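Contents: one structure, followed by commentary.
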Amino acid sequence: MKKYTLLLLFVFTALLSCTTEETTTYYLIRHAEKVRTDATNRNPDLNEAGKKRAINWARYFKNIALEAVYSTKYNRTIQTATPTANQMNLSIQHYDPKKMYTEDFAAATKGKKILIVGHSNTTPVFANKILGEAKYKNMDDHDNASLYIVTVVGAKKTSRIEILE
């Protein structure tokens, strides 16, 4: 009887380990509020409200074990990502918004918790590319508070939006 119980326990454990799939969670945000005094400046910095929001994002992510932080190469996205990256002792990795969610990116981030900082026209597009569907439209130009959370477990992909006030 003891051998039978041990065998059943072994088979159950083996089956469980074979069916357990890695969970990948992407946290996608738009950069915080930017300086808008010069409409011709294509690479503005964060304004004071944006600097505060960047710190608030770091507070939000404090208890989430992020394993990587990605940002476009613009001042406002880097400045938004920096407090969180510093808090997690991570360097900011840059991504090309023209090449979002490639096979290489998916493979490199599989099973991890990732923060991606982008723009009003790239954040929802990035979420859509992960999901494989056109679920989200471009963000309003003054929406700096939306957090897109996309979770991938095997072939199942889910998403939701939270608002950080």
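Take ASN86 and tell me if it is touching a Leu at 6+ places or on another chain (Cβ under 9 Å), of a type in the set (S, T, N, Q), over 20 Å from THR122 (Cβ atoms) and surrounded by fewer than 17 Cβ atoms within 10 Å (Cβ to Cβ). Give the steps one after another, and end with the answer.
On the way: touching a Leu at 6+ places or on another chain (Cβ under 9 Å): no; of a type in the set (S, T, N, Q): yes; over 20 Å from THR122 (Cβ atoms): yes; surrounded by fewer than 17 Cβ atoms within 10 Å (Cβ to Cβ): yes.
No.
Pairing residues of the stretch 136-165 that are within 28 Å of GLY111 (Cβ to Cβ) and outside any loop (DSSP other than H, G, I, E, B) with residues that are charged (D, E, K, R) and modelled with pLDDT under 95, at Cβ distances under 9 Å and at least 6 apart in sequence or on separate chains, gives VAL153/GLU21; LYS156/GLU21.
Note on the stretch 74-118: residues that are more than 21 Å from PHE61 (Cα to Cα) and in contact with a His (Cβ under 8 Å, 6 or more places away or on another chain) amount to 2. Of the candidates TYR148, TYR136, TYR101, the single residue that is crowded, with 18+ Cβ neighbours inside 10 Å, of a type outside the set (A, V, I, L, M, F, W, C), more than 16 Å from ALA68 (Cβ to Cβ) and under 12 Å from the mean Cα position of the chain (by Cα) is TYR148.
Of the residues making up the stretch 105-116, not a single one is assigned to a loop (DSSP other than H, G, I, E, B) and crowded, with 18+ Cβ neighbours inside 10 Å.
Looking only at residues of the stretch 37-81 that are within 14 Å of the chain's Cα centre (by Cα) and of a type in the set (Ser, Thr, Tyr), we find that the one that is farthest from ASP96 (Cα to Cα) is TYR60. Taking every residue in the stretch 24-38 that is closer than 23 Å to LYS62 by Cα and among the aromatic types (Phe, Trp, Tyr) and pairing it with any residue that is modelled with pLDDT of 95 or more and assigned to a loop (DSSP other than H, G, I, E, B), at least 6 positions away or on another chain, the pairs with Cβ-Cβ distances below 8 Å are TYR27/ILE64; TYR27/LEU66.
When the stretch 95-117 is filtered for residues that are more than 15 Å from VAL150 (Cα to Cα) and in contact with a Ser or Thr (Cβ under 7 Å, 6 or more places away or on another chain), the ones remaining, listed by number, are TYR95, PRO97.
The values are calculated or read from the model by the stated rules, or taken from the named source; none is laboratory data. Treat the numbers as computed from the prediction; the structure is a model and nothing was measured. Quick reminder, even Gly has a Cβ in these numbers, built from the backbone with ideal geometry, and neighbours come from all protein chains shown.
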